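Structure first, commentary second.
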Protein chains: 2
Amino acid sequence: MTHDPISRVRRFNRAVTAEVGALDTSFLGRGRPLGAARVLNAIGQGQSEIAVIRDYLSLDSGLMSRLLRGLEDEGLIETVPDQQDARRRVARLTDTGRSEFQEYEALSNAQAQTFLARHGSPEDLLRAMDIVASSLRRDHIVLEEKDPRHEDALYCLGEYYGELARRFDNGFDVSLSRDPDAKDMIRQRGVFLVAMSDGLPVGCVGLKGSGGDIAEIKRLWVAPSARGLGLAKRLMTSAETIARDLTIKILRLDTNSALPEAKQLYRGTGWTEIDRFNDDPYPDAFFEKRL
Amino acid sequence: MTHDPISRVRRFNRAVTAEVGALDTSFLGRGRPLGAARVLNAIGQGQSEIAVIRDYLSLDSGLMSRLLRGLEDEGLIETVPDQQDARRRVARLTDTGRSEFQEYEALSNAQAQTFLARHGSPEDLLRAMDIVASSLRRDHIVLEEKDPRHEDALYCLGEYYGELARRFDNGFDVSLSRDPDAKDMIRQRGVFLVAMSDGLPVGCVGLKGSGGDIAEIKRLWVAPSARGLGLAKRLMTSAETIARDLTIKILRLDTNSALPEAKQLYRGTGWTEIDRFNDDPYPDAFFEKRL
DNA sequence: CATATTATCTGACTTAAGTCAGGTAATTGC
DNA sequence: GCAATTACCTGACTTAAGTCAGATAATATG
């Protein structure tokens, strides 16, 4: 059989190298080498600290310096010494630079749009692209503490509730569940973690404290595109570590048998099943972990 | 909402450019620039005609010549004039070259293997990669005439039967269906077309002739990863064109209501529903098209 | 058979990217 | 306050990739 998993991965690699070559050329389409375009793009995205950009694009400091000089000569950016530390420099777009950056944005967007529009069911294609991107960049998924009312947090919660509604036999209505106050999931009472994969939220977990020794884990969710990457475990471990920092002694959580993979995760990571500790209508399984 | 379709496509592009850069470096891992490695790889894959390789990798003739000279100096390949046309040259691997090529193969395979193994459900990841690869390379999908007993044809038929078994309420058993003799789907009686996407069969259709004016369309199938690319229509159009060449006057086909997208395709491309013309147990809809 | 065409090669270039060894000025640590 | 460190810059280099104008030899065309 020539259609084994490995040749399928290699077919993907070939497809991507062949097409992304053409994709990169769009940057050259505006008569600027890729390196300069990438720096301009980073600055346009709001990165102003040169050291950060250099690190992100993994450029040599000499090369970086020359690229900046080039963009300056073109009148696209200006660099000034940092207020706090005059050794550092910060870069920002000029008006010309801003409009040039917008051109790149428009080009990239149009390209993405065209690619999607050619497909018969763009949703399926997007789902597949999300899975591949999350997997390729798995080592770059970062957990960030966010306010539960932050856009990214709300996005996760929306997806989470939607999934519960699909999975539970009788659907799911947030108002029937004990929806914890946002302030219980903010330091020093608790915390809300969002897993970000290159700008896209792909998972979350809430640690809901009461100020006392006991806290609850709530709203553990991982995006379908990011499953299989060990993200749930990572979110739980982080939440536990923060709980310890907050001098919490006992963690509790409730869950539902319609989510078997969750129960399995808890059992395998030191949680023990306990008796019902609330009268919430949805959960039918309860766990505890002593820190 | 910052998580719109377009930013998701762009996130994919970023992921791919970031990681495939690292992927390309594996070629440099053997101390040879990418260009030379790509040429060696093409020759290893069995491409011997220099003009073909040059065209495939879209290299300038001067550059190609230099790369070949380099590989020759390394003792990895040898080039000799073509038998038929002494202006052309053909390249082949030496023994050293063959083992060097194997090293690249082993590296690529190991890399693919590692990538898959890190994922919790490799099958889902592969499915997603197939979808993306098919979509990226949609313009490079070629329809090839193959013997219905050829490995790639059998692969398609296997997938096709498997899908029927899943979709039909009572399953599907090939032996109960009129399985046309392979020779009825070979010229001059008929033809069997396989859609190939970079080595992977992603669709098929059979034109089953009888030597007379009437022929049947059978076994139209498109891989899940290649749906939404208009491939079914393309397969049908090709089959019809070939039918005309074979001086066939009337085309018939049977299908099943469990395959609604198929019926819709036929209705939209000049087929008219007719009465049952066979006693096959599976189909419940019958179509005809006069050429 | 003369001429045009084709496939490949060679030499002389350019551009992009990157490396490396210092150099300068600001900041930090003791 | 002085030495070490840090952030950025400059100049001198290398390598990879690619372009372009001929040169050469074989083949096709009238």
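For the stretch A:201-291, what does the convex hull of the Cα positions come to per residue, in cubic angstrom?
101 Å³
Between the helical axis of A:95-117 and the dominant principal axis of chain A, each derived from Cα atoms, what acute angle in degrees is found, rounded to the nearest 10?
That helix lies at roughly 60 degrees to the long axis.
For A:L220, enumerate residues with amide H under 5 Å from its amide H, sequence gap 5+ or separate chain, H modeled in the peptide plane.
Correct list: A:G206.
Can you pick out the pairs among B:K263/B:K289; B:K183/B:K263; B:K183/B:K233 whose Cα atoms lie more than 19 Å from each other?
Pairs exceeding 19 Å: B:K183/B:K263; B:K183/B:K233.
Put a label point 7 Å from Cα along the Cβ direction on A:R66, then list its distances to the equivalent points in the other copies in nm, shortest first.
1.8
What Kirkwood radius, in Å to one decimal, follows from the Cα pairs of the stretch A:140-290?
Value: 15.4 Å, from the Cα pair sum.
Taking θ = phi - 60°, what integer Hz values does the Karplus form 6.51 cos²θ - 1.76 cosθ + 1.60 yield along the stretch B:154-169, in sequence order, with x for Gly and Pro?
Once θ is set to phi - 60°, the couplings for the stretch B:154-169 become 5, 4, 4, 4, x, 5, 4, 5, x, 5, 4, 4, 6, 7, 6, 4 Hz.
Can you sort A:T79, B:T247, B:T255 by how many other beta carbons sit within 10 Å, fewest first?
Least to most surrounded, the residues fall as B:T247, A:T79, B:T255.
State the three equivalent ellipsoid semi-axes of chain A, derived from the C-alpha gyration tensor as the square roots of 5 times its eigenvalues, in descending order and whole Å.
Each semi-axis is the square root of five times an eigenvalue, giving 42, 26, 17 Å.
Taking the Cα-to-Cβ direction at A:I274 and at A:D82 and moving 7 Å from each Cα, how far apart do the two end points lie in nm?
Distance between label points: 4.6 nm.
Taking the label point 7 Å from Cα in the Cβ direction, how far apart in nm is A:G162 from each other copy of itself, listed shortest first?
In nanometres, ordered from closest: 3.0.
I'd like the orientation of helix B:34-44 relative to chain B: the angle between its Cα long axis and the longest Cα principal axis, in ° from 0 to 90, rounded to 10.
With rounding to tens, the tilt is 60 degrees.
Using Cβ contacts closer than 10 Å as the measure, can you line up A:S238, A:S257, B:S134 from fewest to most?
Final ranking by Cβ density, sparse to dense: A:S257, A:S238, B:S134.
May I ask you to work out the translational diffusion coefficient for the protein assembly as shown at 4 °C, viscosity 1.567 mPa s, via Stokes-Einstein with Rh from the Kirkwood sum over Cα pairs, reported in whole µm²/s?
The diffusion coefficient I find is 46 µm²/s.
Could you name the residue in chain A with the C-beta closest to the rotation axis that superposes chain A on chain B, along with the separation in whole Å?
Closest Cβ to the A-to-B rotation axis, residue and whole-Å distance: A:A128, 2.
Compute the FRET efficiency between A:R14 and A:L265 as 1/(1 + (r/R0)^6), taking r as their Cβ-Cβ distance and R0 = 35 Å, and round to the nearest 0.05.
0.45
So, in nm, how far is label A:E151 from label A:A117 when the simple model puts each one 7 Å beyond its Cα toward the Cβ?
2.5 nm
Note the distances from B:G120 to each other copy's matching label point, with points 7 Å along the Cα-to-beta-carbon direction, in nm, sorted shortest first.
For B:G120, the other copies' label points sit at 3.1 nm, shortest first.
Which value in deg cm²/dmol, rounded to the nearest 500, describes the helix-derived mean residue ellipticity at 222 nm for the protein assembly as shown, given -39,500 (n - 2.57) per DSSP H run of n ≥ 4 and division by the residue count?
-15000 deg cm²/dmol
If you take the beta carbon distance between B:D4 and A:R166 as r and set R0 to 25 Å, what does 1/(1 + (r/R0)^6) give as a FRET efficiency, to the nearest 0.05?
With R0 = 25 Å, the Cβ-Cβ based efficiency is 0.70.
B:T96 to B:L34: FRET efficiency via 1/(1 + (r/R0)^6), r the Cβ-Cβ distance, R0 22 Å, to the nearest 0.05?
0.65
Could you state the angle between the C-alpha long axis of helix B:5-28 and the longest principal axis of the C-alpha atoms of chain B, as a value from 0 to 90 degrees rounded to the nearest 10?
40 degrees
Cα atoms only, the stretch A:5-118: Rg and Dmax in Å?
In order Rg, Dmax, the Cα atoms of the stretch A:5-118 give 16.7, 54 Å.
Which of A:D198, A:D275, A:D82 moves most in a GNM of chain A, Cα contacts under 10 Å?
Sorting by GNM fluctuation, first place goes to A:D82.
For the stretch B:247-289, just the Cα set please: Rg and Dmax, both in angstrom.
10.3, 32
Any read-out appearing in this document is the output of simple, stated calculations on the displayed coordinates, not a laboratory observation. Not measured: the values here are computed from a predicted model. Cβ: placed from backbone, ideal geometry, glycine included. Neighbour counts: every protein chain shown.
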